[in-house]
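The values are calculated or read from the model by the stated rules, or taken from the named source; none is laboratory data. This is a predicted model, so every value here is computed, not measured. Every residue, glycine among them, receives a Cβ derived from its backbone with ideal geometry; neighbour counts consider all protein chains shown.
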Amino acid sequence: MRVGVMVDLVRERTVEEQFAQLRELGMDNCQLVCWDRSLLTRETAARVNEAVSRYETEISAFWCGWEGPRDWNFYEGQLTLGLVPEAYRFRRMEMLMEGSDFASWIHVTDLVTHVGYMPENPYDPHYPAVIACLKKIAQKCAQNGQYFLFETGQETPITLLRAIQDVGADNLGINLDPANLVMYGKANPVDALDTFGTYVRGVHGKDGLYPTDGRELGPEVPLGEGRVDYPRLIARLRELGYDGAITIEREISGEEQVRDIIRAKELLDRLI
């Protein structure tokens, strides 16, 4: 296992600047994140490839967002997040397919996203349509020689496992965000590995607390200060044969974010 960090593909800050900082922090790998559809071009891909070569950095996965509103809570989030809301589903499926092409141009084999609040009830009328949509995305990824990874958080582990089985493709996996499972109140992340551990192809290094409000997620906190038991988590991942990246994600900005990333790397390095 090795430690990396999230890098955002945005107009406000070049990928070269972020790769340079990544190297200054003593890391050589990242997940690349993009929410801006207009950046999913061959021109952008060429800049990314040049930066990867210049800074000798590996992109372990491409985290592809989607267009439209997004509310990270338990109420409006049901209506706005991922592929579940019918009003946004088709356009978001299109963007994810474009994201698959972009990932192929930057030579990345894992495409990651949040699918949304997939219904716990498989007889929910939304469920078959989401599964059909996921089948198309999985087919697109297969054509590009890629895996499609579900980011954990908005669904229980058994719901996620059921969806993977119902899609039925052999190029599906999971990007385990252990903090999300805590912050959404869905599972203890160590125990969740008993359900879907064999599908894990990526891991986020993030921490959080359980929710105490029926409308709002639990708060994200610096790694090591939340409810994710990283010693047990890493030990269990090792038992399952996971030897990939643990990608630090700290969803704040500024100097505090950098300090927290440095502390997170030190903690993870000790455990690994």
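When the criteria are applied in full, residue 129 fails the requirement of being among the small types (Gly, Ala, Ser), modelled with pLDDT of 95 or more and farther than 26 Å from residue 79 by Cβ. Residue count for segment 221-247, restricted to those that are surrounded by fewer than 21 Cβ atoms within 10 Å (Cβ to Cβ) and in contact with an Asp or Glu (Cβ under 8 Å, 6 or more places away or on another chain): 5. Residue selection: residue 113 fails the criterion of being over 15 Å from the mean Cα position of the chain (by Cα) and among the β-branched types (Val, Ile, Thr).
Across segment 63-84, the number of residues qualifying as farther than 19 Å from residue 211 by Cα, of a type in the set (Asp, Glu) and assigned to a helix (DSSP H, G or I) comes to 0. When we screen 192, 169, 179 for residues that are surrounded by fewer than 24 Cβ atoms within 10 Å (Cβ to Cβ) and either in contact with a strand residue (DSSP E or B) (Cβ under 7 Å, 6 or more places away or on another chain) or not polar (S, T, N, Q) (or both), the only hit is 169. The residue of segment 74-106 that is farthest from residue 182 (Cα to Cα), among those that are of a type in the set (Phe, Trp, Tyr) and surrounded by fewer than 15 Cβ atoms within 10 Å (Cβ to Cβ), is 90. The set of residues in segment 195-218 that are surrounded by 14 or more Cβ atoms within 10 Å (Cβ to Cβ) and part of a loop (DSSP other than H, G, I, E, B) comprises 206, 209, 210, 211, 217, 218.
Residues of segment 250-272 that are in contact with a strand residue (DSSP E or B) (Cβ under 6 Å, 6 or more places away or on another chain) and more than 11 Å from residue 3 (Cα to Cα): 251 alone. Residues in segment 28-43 that are over 14 Å from residue 100 (Cα atoms) and among the β-branched types (Val, Ile, Thr): 0 in all. Can you find a residue in segment 125-148 that is within 28 Å of residue 47 (Cβ to Cβ), of a type in the set (A, V, I, L, M) and surrounded by fewer than 17 Cβ atoms within 10 Å (Cβ to Cβ)? There is at least one residue in segment 125-148 that is within 28 Å of residue 47 (Cβ to Cβ), of a type in the set (A, V, I, L, M) and surrounded by fewer than 17 Cβ atoms within 10 Å (Cβ to Cβ).
When residues in segment 67-101 are screened for being touching a Phe, Trp or Tyr at 6+ places or on another chain (Cβ under 7 Å) and among the hydrophobic types (A, V, I, L, M, F, W, C), 4 of them pass.
Screening residue 151 on (1) surrounded by fewer than 18 Cβ atoms within 10 Å (Cβ to Cβ); (2) modelled with pLDDT of 95 or more shows it passes everything except condition (1).
Quick check: is even one residue across segment 257-265 out of contact with any His (no Cβ under 8 Å at 6 or more places or on another chain) and under 15 Å from residue 177 (Cβ atoms)? Checked against the condition, which is being out of contact with any His (no Cβ under 8 Å at 6 or more places or on another chain) and under 15 Å from residue 177 (Cβ atoms), segment 257-265 yields at least one hit. The condition of being free of Cβ contacts under 8 Å to residues at least 40 places away in the same chain, assigned to a helix (DSSP H, G or I) and of a type in the set (Lys, Arg) holds for residue 270.
Checking each residue in segment 5-62 for being assigned to a strand (DSSP E or B) and among the hydroxyl-bearing types (Ser, Thr, Tyr) picks out only 60.
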